[in-house]
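In what follows, a single structure is set out as structure tokens and then discussed.
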Amino acid sequence: MKTVSVLTCVFAAVSSILAQSIEDINGKWFLSPYAGQDVTNVTGVVTAKGPSGIWLRSLEATNDKHVSGGIYVYGKALAKNDSIATGDVLVLDGKVTEYRSRMDYIYLTEITAAKVRTVLEHNRTFAPIALGTQRSPPTKLLSSLDGGDVFKVPNNQSLISVVNPILEPNKYGLDFWESLTGEIVTIKHPRAVGRPNQYGDTWVIGDWATTGGNERVGLTLSSKDGNPEAILISSPLDGTRNGDDGKIGDRFEDITGVVTQGSGFYQIQPLTKLTVVSSLKPHIGEPTTLTSDGTCAGVTVGSYNIENFSPGDKVHMNNLANHIVNYLNAPDLLALQEIQDNNGETNDGTVDSAFTLSTLVDAIATHSSGSVVYNFTYINPLDGQNGGAPGGNIRNAYLYRPEVLQLQGGRDAVVGDAVTANEVLKGPKLKYNPGLIDPTNDAWNASRKPLVAAWEVVGPKAEKHKGKPKPLFTVNVHFTSKGGSSSLHGDARPPVNGGVDKRIAQAQTAGAFVAEILARDSHAHVLTIGDFNEFAFVAPLQTFAKVSKLKDLDDVVKIPATERYTYLYDANSQELDHAFVSKKLRKGAQFEHVHINTWLAYEDMVSDHDPSVAKFNLC
Ligand SMILES: *[C@@H]1O[C@H](CO)[C@@H](O)[C@H](O)[C@H]1NC(C)=O
Ligand SMILES: *[C@@H]1O[C@H](CO)[C@@H](O)[C@H](O)[C@H]1NC(C)=O
Ligand SMILES: *[C@@H]1O[C@H](CO)[C@@H](O)[C@H](O)[C@H]1NC(C)=O
Ligand SMILES: *[C@@H]1O[C@H](CO)[C@@H](O)[C@H](O)[C@H]1NC(C)=O
Ligand SMILES: *[C@@H]1O[C@H](CO)[C@@H](O)[C@H](O)[C@H]1NC(C)=O
Ligand SMILES: *[C@@H]1O[C@H](CO)[C@@H](O)[C@H](O)[C@H]1NC(C)=O
């Protein structure tokens, strides 16, 4: 014991004499071992200057890949001091500070209250670290604290800021970017995997290995792959602005910038703005190849979250009508989500949406020169009970082609109401057609209640088939949103998945209703389709599949895992919209995701979701 205390003494004595290197300050952890302490004679070359501080790099090259040789020195006086230039070698004193602007972010280690003692040299050269050659990010896992699954439930089981794990930059993406924080780096041949946000911040990959890549250069999210190889390019240091009209797949000139942490993400602040060198063509996805046969042998069903749709927005209306006619081939049945009431977000107690839907139907008729005339059905919610934009009263609805489909029971079908739970009767058939599933269940509080309907094929062509085809039961869902989630780069591990418990409860309720239909007839045609606001591999959808006994239509038709996306969020192509089918619907089923929004620039998007179209044999 004596030896140990002597050694401790020696170390203490030494460390109080020695100046701190940038490596000492960063250490091999997320948090600095010097956090909150004063440091002296920190020596480094200025690699970049920003509006509020400067970046320094240690003069000795670091060999330890766990430890960054760069650091941010916060201070407007330094930033604005024209006699301090890139290439200056500074010796400074200051205080090591861990900074974050919000509780749920990872901290940035920086030096504050810096005082320059001396400028040892000017015009010292330094080479940015070449990402893709000298260092490359891992491609799957983000953090050791995620237990191998970034979407594991329960989430928020630990915090990086508390555990402060030793960095493992070869394995974990957050560790990799943390091990470069403060450094100056270059990316050759960068290309966008996301679309810029309103500030022009853009997610890119460079010339390094990636996993989960889709045909559009994007990165598709999966349970064991949170895409740590993508990095956000944020505000340029020279005061220029990145464009906000970029698209997934855009290629840029090479980027040089500093690695930092802010707004919940590791990011690179480039020296100057991104320059687009090329964009992918065609700029919009192909229309669906699926068309209705007009008979029970080939019925098409689409689903589309049309984002806060109100009759007042004529541009939105026309764009949607164009999508439905020209890109979805006007499916026989269209499950819509986010239909607002007749006066949109005016919050005056209006709940009906007949005008909203008839305006859309008229626009579709116009776009198809009168050849597509949909009928529609929906149930009004109680005012303010469905969540979404206040006053909008969003709900699910169906458009259907009356020459191909009618609600089972035709004129005798009884439409349900906002508070009455639908029931599965002998047949099976529905007590209310359409009706809502268990609308007063807490699971649906401040959320959209699933709209369940039963359909039968009509018309002379239908009668050619022997016997009467079974009805098609459809459940149109719009589960609770992921609002309140923390970022994939955030402090909480696994990241907070906002609303996940609610979605599990919703999956149970909707799934149980489907199971009742199948309990009456295991050969029933049952389709659940819509915006589940969740990925197939996360607990709510696994619950839904288990309880309902329906199968994910992506699996049935074997869409490659990387092409399963209907949404683009941050760096990640992802699937929030799904279809699940009963056994009887699987044979010959077809399914396509139609990328008419995810590929587009923000300005050109008609909705934040891509629609999907399926085709089934109901004979
Ligand atoms: C810092 O450097 C100065 C010379 O610039 C020296 O006098 C002083 O002892 C150094 N302090 C430490 C703690 O190394
Ligand atoms: C700018 O930096 C130089 C070098 O450290 C220093 O001598 C000078 O006082 C600074 N000027 C201001 C206005 O802080
Ligand atoms: C630094 O180099 C530039 C040219 O690259 C030169 O104009 C400048 O005078 C040099 N500054 C010093 C302080 O040596
Ligand atoms: C995550 O957990 C931490 C404590 O471990 C807590 O402070 C924080 O509020 C949690 N975040 C959410 C969104 O639940
Ligand atoms: C449209 O649906 C309504 C009920 O929602 C029904 O009364 C009407 O007959 C339908 N029209 C056609 C053409 O099927
Ligand atoms: C329903 O949700 C609202 C809004 O989120 C909340 O204020 C209310 O307490 C919830 N009610 C129940 C019964 O959970």
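Would a scan of segment 485-505 turn up a residue that is within 25 Å of Arg520 (Cα to Cα) and either away from ligand 6 (no atom under 16 Å from the Cβ) or surrounded by 18 or more Cβ atoms within 10 Å (Cβ to Cβ) (or both)? There is at least one residue in segment 485-505 that is within 25 Å of Arg520 (Cα to Cα) and either away from ligand 6 (no atom under 16 Å from the Cβ) or surrounded by 18 or more Cβ atoms within 10 Å (Cβ to Cβ) (or both). Those strands (runs of 3 or more DSSP E) of segment 27-104 in which 1 or more residues are farther than 24 Å from Tyr266 by Cβ, open to solvent by 20 Å² or more (accessible area, probe 1.4 Å) and in contact (Cβ under 8 Å) with a residue 12 or more places away in the chain occupy 38-49, 89-99. Against the conditions (1) within 16 Å of ligand 2 (Cβ to nearest atom); (2) within 30 Å of Gly484 (Cβ to Cβ), Gly94 satisfies every one except (2).
The residue pairs whose first member lies in segment 428-446 and is farther than 17 Å from Val414 by Cα, whose second member is in a strand (DSSP E or B) and charged (D, E, K, R), and whose beta carbons are closer than 7 Å, counting only pairs six or more residues apart or on different chains, do not exist in this structure.
Evaluated against (1) closer than 30 Å to Phe30 by Cα; (2) of a type in the set (Asp, Glu); (3) buried (at least 24 other Cβ atoms within 10 Å of the Cβ), Asp254 falls short on exactly one condition, (3). Does at least one position in segment 309-317 carry a residue that is without any contact (Cβ under 8 Å) to a residue 12 or more places away in the chain and hydrophobic (A, V, I, L, M, F, W, C)? Scanning segment 309-317 turns up at least one residue that is without any contact (Cβ under 8 Å) to a residue 12 or more places away in the chain and hydrophobic (A, V, I, L, M, F, W, C). Filtered by the rule that a residue be crowded, with 16+ Cβ neighbours inside 10 Å, of a type in the set (A, V, I, L, M, F, W, C) and part of a loop (DSSP other than H, G, I, E, B), segment 369-381 gives Val372, Ile379. Looking at the structure I just gave you, is Pro311 in contact with a Phe, Trp or Tyr (Cβ under 7 Å, 6 or more places away or on another chain), within 30 Å of Leu527 (Cα to Cα) and not assigned by TED's automatic domain parsing to the domain that holds Tyr569? In short, no. Exactly one residue out of Thr366, Thr356, Thr440, Thr420 is among the hydroxyl-bearing types (Ser, Thr, Tyr) and open to solvent by less than 10 Å² (accessible area, probe 1.4 Å): that is Thr356.
For segment 105-134, filtered to residues that are closer than 18 Å to Asp38 by Cβ and of a type outside the set (D, E, K, R), the residue that is most open to solvent (accessible area, probe 1.4 Å) is Ala113.
Give Tyr378, Tyr398 a once-over and let me know the one that is in the same structural domain as Ala515 (by TED's automatic domain parsing), closer than 15 Å to Ala454 by Cβ and either touching a residue at least 12 places away in the same chain (Cβ under 8 Å) or of a type in the set (A, V, I, L, M) (or both). After ruling out the rest, the residue left standing is Tyr398. For Val424, indicate whether it is within 18 Å of His525 (Cβ to Cβ) and more than 16 Å from ligand 1 (Cβ to nearest atom). Yes; evaluated as a whole, the condition is true for this residue. Identification of strands (runs of 3 or more DSSP E) wholly contained in segment 240-295 with 3 or more residues that are touching a residue at least 40 places away in the same chain (Cβ under 8 Å) yields 255-262, 265-270. The residue of segment 467-484 that is surrounded by the most Cβ atoms within 10 Å (Cβ to Cβ), among those that are farther than 30 Å from Phe265 by Cβ and modelled with pLDDT of 95 or more, is Val477.
The values are calculated or read from the model by the stated rules, or taken from the named source; none is laboratory data. Bear in mind that the values here come from a model prediction, so they are computed numbers and not experimental data. So basically every Cβ, Gly included, is an ideal-geometry build from the backbone, and we count neighbours across all protein chains shown. Each accessible area value is taken on the protein alone, full model and side chains, heavy atoms only, with ligands, DNA and RNA left out. Shrake-Rupley method; radii C 1.70, N 1.55, O 1.52, S 1.80 Å.
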